[in-house]
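Only the coordinates and a few stated rules stand behind these numbers; no lab work does. The model shown is predicted, which means the values in this text are computed figures rather than measured ones. So basically every Cβ, Gly included, is an ideal-geometry build from the backbone, and we count neighbours across all protein chains shown.
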Number of protein chains: 2
Amino acid sequence: MTATPTYDVVGVGNAMVDILAKVPEAFLAETGVTKGIMQLIDAERAIALYAKMGPAREVSGGSAANTIAGLGQLGSRAAYVGKVKDDQLGAIFAHDIRALGVHFATPMTPRSAEGHETGRCMILVTPDGERSMNTYLGVSEHLGPDDIDEALMARTKWLYLEGYRHDGALSLAAFDKAIKACKAAGGKVALTLSDPFCVDRHRDEFRRLVREDVDLLFANEHEIVSLFQTSSLEDALDLAKTEVPMAAITVGPAGAYVINGARMVHAPAAPMARVDATGAGDMFAAGFLHGIARGRNLLTCGTMGCVAAGEAISHIGARPETDLKDLFARFGLD
Amino acid sequence: MTATPTYDVVGVGNAMVDILAKVPEAFLAETGVTKGIMQLIDAERAIALYAKMGPAREVSGGSAANTIAGLGQLGSRAAYVGKVKDDQLGAIFAHDIRALGVHFATPMTPRSAEGHETGRCMILVTPDGERSMNTYLGVSEHLGPDDIDEALMARTKWLYLEGYRHDGALSLAAFDKAIKACKAAGGKVALTLSDPFCVDRHRDEFRRLVREDVDLLFANEHEIVSLFQTSSLEDALDLAKTEVPMAAITVGPAGAYVINGARMVHAPAAPMARVDATGAGDMFAAGFLHGIARGRNLLTCGTMGCVAAGEAISHIGARPETDLKDLFARFGLD
């Protein structure tokens with residue numbers, strides 16, 4: 001063990017700016033967008049889809065970045081690693097995360113570089129509050145081992161890895177480097193599975209990572225079932241008890257289950273209106289990690305996750321719009 | 001008179017992307033921002049202020065552009081003239097206005113051009129719902145006569161001019177060219193005063209324009225008093241009756257007065273919660289012009305203005321978030 005860690009959580013993921021628009025239900029079929037999931041799209045498709053979308057708003061996003069932004073707002077000491085270009089969207093991303101006190105120093109791809117720009121995610125929100133995500137990764141795809149600062153990884157209690165990052169060719173090497181540096185200094189590793197289809201694309205790699213390196217697994221019901229290929233959520237939860245030291249599994253309006261060895265704790269969902277599901281999982285992880293980094297009990301951690309997720313679904317966009325600290329206080333969470 | 005006009009309204013103004021953030025009241029004093037008005041800032045100040053701001057959201061803005069966007073959403077035939085650069089913020093601006101069916105074909109400043117980028121306005125929203133605007137004009141400052149397509153100006157019922165545009169050196173020549181082409185084809189000219197301090201900076205020019213060319217004047221109580229330098233709103237309204245064929249004067253929570261020769265009609269404010277005043281005046285103009293272009297009576301036009309303004313103040317940001325057509329139907333306005 002080294003000296004006291006500087007950070008509670010360091011996150012690694014796809015740095016993105018979200019482009020959010022409300023669309024009628026029929027728009028998804030007309031444009032060939034699959035509802036409720038994240039689809040990777042190329043630059044050509046991104047241009048075509050954007051041309052068909054209505055007016056939008058832009059808000060910094062990225063799954064792990066949203067989580068880290070939430071932790072920053074809660075007063076956790078947090079840092080983020082993800083790749084943007086030195087363009088206008090990159091400047092917006094960097095501003096928004098640093099403005100919450102988060103350390104963000106991943107080298108930007110120079111403005112003069114040919115090719116990809118800062119990544120963006122076109123999020124189509126249907127009247128039922130579901131979001132369908134269309135991600136053009138841009139330069140975020142090229143996060144590699146050179147972007148991992150081992151000294152940073154050795155200075156955090158928790159390393160938080162975004163499952164989506166498995167879609168990048170260099171990302172496994174980057175993850176390995178980050179995990180080794182973090183664990184060698186006594187830190188722990190958390191992983192979010194991100195998306196059932198992402199799990200499908202990289203199941204073997206996820207299984208190995210969970211078994212060998214992960215101390216805390218975040219997933220929703222669909223992702224955990226996809227990971228373990230079980231026929232029911234119950235079977236997947238049982239497997240989680242033996243495969244990973246701790247797991248926090250969200251189950252939509254039913255809240256979340258926190259698994260720790262033989263123990264399983266249920267945390268109820270917070271009573272918020274559902275406007276837009278974007279960022280619910282990301283904010284659950286923020287609330288939960290905030291609690292764990294402070295040594296709170298499992299029920300408190302799970303409830304912190306559910307309240308932060310509730311805030312995210314109560315408005316359009318993933319990043320918090322109310323002060324999460326005030327919200328936690330109102331729910332008696334500290 | 002030429003053939004039937006193609007457009008109900010063509011707007012000319014500063015093309016902007018808004019960067020909106022909630023701030024505590026004390027932030028304004030700490031950063032030297034004057035509350036409730038629009039301040040022009042240079043690139044250096046823009047960078048310094050952005051660095052101090054919290055996380056923000058980006059939404060297309062620009063005063064006349066907001067009005068034209070509202071008209072597009074209402075189903076009026078609308079076009080917009082304003083200058084952006086071929087950069088990411090310029091692409092966002094162009095997308096958002098075209099997605100509402102608005103014709104927007106002002107030549108973009110090429111990406112390779114040195115110097116200014118697409119303009120932006122940092123809008124600080126305090127807990128009382130007031131907004132304090134800090135505008136870096138960027139390339140929008142350089143809108144000149146070459147950007148005015150006389151054929152477009154000859155094809156509209158109404159030309160709508162943004163007062164803020166008086167801050168640009170070439171804008172008066174651009175306005176003159178647009179007005180001449182519009183009037184020669186039988187079109188009419190509307191002007192919004194935009195801001196009492198903008199009126200202060202260019203009072204003589206505004207007075208001449210109102211007297212000689214303007215058929216419909218938009219202003220709030222502070223702007224009309226500043227224009228005519230009277231000691232009371234009543235005196236300013238009396239002067240308006242003789243100086244301009246028609247005027248629509250907003251008076252905050254008291255609604256609006258519509259002046260047409262000796263007639264003065266009062267339209268009440270719509271019963272919406274005040275969250276953020278950004279865009280209230282712009283949306284008033286959208287609702288009013290939508291009515292006038294359809295030949296509705298003055299009370300209907302004024303109420304359309306007040307309902308559209310009410311929508312704008314009920315959420316953060318200037319552009320409509322509810323369908324204005326549905327909203328007008330609910331208020332019995334068609």
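Please give the charge dipole size of chain A, origin at the Cα centre, charges +1 on K and R Cβ atoms and -1 on D and E Cβ atoms. Round to the nearest 20 debye.
On the way: 32 positive and 42 negative charges, 156 e Å.
Result for chain A is approximately 760 debye, rounded to the nearest 20.
How would B:F175, A:F93 line up from fewest to most surrounding beta-carbon atoms within 10 angstrom?
Fewest-to-most ranking of B:F175, A:F93: B:F175, A:F93.
Given the C-alpha centroids of segment A:10-28 and segment B:231-248, what is the distance between them in whole angstrom?
Using only Cα atoms, the two centres lie 48 Å from each other.
Pulled fully out, how much extra length does the chain show between B:R45 and B:D323, if you take 0.36 nm times their separation in residues and subtract their Cα-Cα distance?
Contour length minus Cα-Cα distance gives 96.4 nm.
Rounded to two decimals, what is Rg over Rh for the protein assembly as shown when you use alpha-carbon atoms and the Kirkwood radius? Walk me through the numbers on the way to the answer.
On the way: Rg = 26.8 Å, Rh = 26.2 Å.
Rg divided by Rh gives 1.02.
Over all distinct Cα pairs, what is the inverse of the mean 1/r for segment B:72-112, reported as the Kirkwood hydrodynamic radius in Å?
Kirkwood hydrodynamic radius for segment B:72-112: 10.6 Å.
Count the net charge of all other residues whose Cβ sits under 14 Å from the Cβ of A:I249, scoring Lys and Arg as +1 and Asp and Glu as -1.
Neighbourhood net charge equals -4.
Would you work out which of A:F93, A:T135, A:L124 lies farthest towards the positive end of the dipole of chain A? Charges go on Cβ: Lys and Arg +1, Asp and Glu -1.
Selected residue: A:F93.
Please report, for A:A113, the nm distances (one decimal) from its label point, 7 Å out from Cα along the beta-carbon direction, to the equivalent points in the remaining copies, shortest first.
The projected label point of A:A113 is separated from its counterparts by 2.8 nm.
Any idea how far apart B:D215 and B:D334 come out in nm if each label point goes 7 Å out from Cα toward Cβ?
Those two pseudo-labels are separated by 2.7 nm.
Connecting C-alpha atoms closer than 10 Å in a GNM of chain A, tell me which of A:I313, A:I37, A:I97 has the biggest fluctuation.
A:I37
Could you please report the charge total around B:C198, scoring K, R as +1 and D, E as -1 over all other residues with beta-carbon less than 9 angstrom from its beta-carbon?
-3
Which distance in nm do the two modelled labels at B:F197 and A:R201 give, with both placed 7 Å along the Cα-to-Cβ direction?
Label-label distance for B:F197 and A:R201, simple model: 4.9 nm.
Of B:K157/B:K325; B:K35/B:K157; A:K52/B:K83, which sit over 30 Å apart, Cα to Cα?
Values: B:K157/B:K325 21 Å; B:K35/B:K157 36 Å; A:K52/B:K83 23 Å.
Exceeds cut-off: B:K35/B:K157.
Summing -39500 (n - 2.57) over the DSSP H runs of n ≥ 4 in the protein assembly as shown and dividing by its residue number, what mean residue ellipticity at 222 nm do you reach, to the nearest 500 deg cm²/dmol?
-11500 deg cm²/dmol
May I ask you to derive the relative contact order of chain A, considering only C-alpha pairs under 8 Å and at least 6 residues apart, and to give it as an integer percent?
18 percent
With r as the distance between the Cβ atoms of A:S231 and B:Q229 and R0 = 60 Å, compute the FRET efficiency 1/(1 + (r/R0)^6) and round to 0.05.
0.15
Restricting things to Cα coordinates, could you compute the convex hull volume per residue of segment B:172-304 in Å³? Intermediate results must be reported in sequence, preceding the final value.
Values: hull volume 14.9 nm³, N = 133.
Measuring per residue, one finds 112 Å³ for the Cα hull of segment B:172-304.
Can you list the residues, at least 5 places off or on another chain, whose amide H is less than 5 Å from the amide H of B:V81, using H built in the peptide plane?
Here B:G11, B:V12, B:G13 satisfy the definition.
Using R₀ = 56 Å, calculate the FRET efficiency as 1/(1 + (r/R₀)^6) where r is the Cβ-Cβ separation of B:R98 and B:K52; round to 0.05.
The value I calculate is 0.95.
Report, to one decimal in Å, the Kirkwood hydrodynamic radius for segment A:171-234 based on all distinct Cα pairs.
12.4 Å
Quick check of the Kirkwood formula: for segment B:1-153, what is the inverse mean of 1/r over all pairs of different Cα atoms, in Å?
16.3 Å
Of the candidates A:Y164, A:Y136, A:Y50, which one comes out as most mobile in a Gaussian network treatment of chain A with C-alpha springs shorter than 10 Å?
A:Y50
Relative to the compact globular guide of 2.2 N^0.38 Å, what is the alpha carbon radius of gyration of segment B:42-101, as a ratio?
Compactness ratio reported: 1.33.
Per 20 Å bin, what is the whole-percent P(r) computed from every C-alpha pair distance within chain A?
In order of increasing distance, the bins hold 34, 61, 5 percent.
So for segment B:145-189, taking the charge dipole from beta-carbon charges (+1 Lys/Arg, -1 Asp/Glu), which of B:I179, B:W158, B:A169 sits furthest toward the positive end?
Going by the charge dipole, the pick is B:W158.
Report, to two decimal places, the Cα Rg of segment B:284-324 normalised by 2.2 N^0.38 Å (N = number of residues).
The value comes to 1.13.
So if I take the centroid of the Cα atoms in segment A:93-144 and the same for segment A:31-75, what is the distance between those two points in Å?
8 Å
So which GluC sites (Glu not before Pro) in segment B:50-157 are both in a DSSP loop and have at most 14 other Cβ atoms within 10 Å of their Cβ?
Those satisfying the criteria are B:E114.
To the nearest 20 Debye, how big is the dipole of the protein assembly as shown about its Cα centre, given +1 on the beta carbon of each Lys and Arg and -1 on that of each Asp and Glu? All intermediate terms of the calculation are to be shown ahead of the outcome.
Numbers: 64 positive and 84 negative charges, 98 e Å.
Using Cβ point charges on Lys, Arg, Asp and Glu, the protein assembly as shown gives about 480 debye.
If you put a point 7 Å past Cα along the Cβ direction, how far is that point for A:T31 from the same point in each other copy, in nm, smallest first?
A:T31 label point versus its equivalents elsewhere: 3.2 nm.
Quick check for me: using +1 on Lys/Arg Cβ and -1 on Asp/Glu Cβ, what's the dipole size of segment A:265-328 about its Cα centre, in debye to the nearest 20?
For this selection, approximately 220 debye.
Counting only other residues whose beta carbon sits under 15 Å from that of A:V59, what net charge do I get with K and R as +1, D and E as -1?
Summing Lys and Arg as +1 and Asp and Glu as -1 gives -3.
Could you please tell me the mean projected area of the C-alpha convex hull for segment B:89-198, averaged over all directions and given in square nanometres to one decimal?
Approximately 8.5 nm², given one-decimal rounding.
Please identify, among B:N66, B:N220, B:N260, the residue showing maximal mean-square fluctuation in a Gaussian network model of chain B using a 10 angstrom Cα cutoff.
Of B:N66, B:N220, B:N260, the Gaussian network model singles out B:N260 as fluctuating most.
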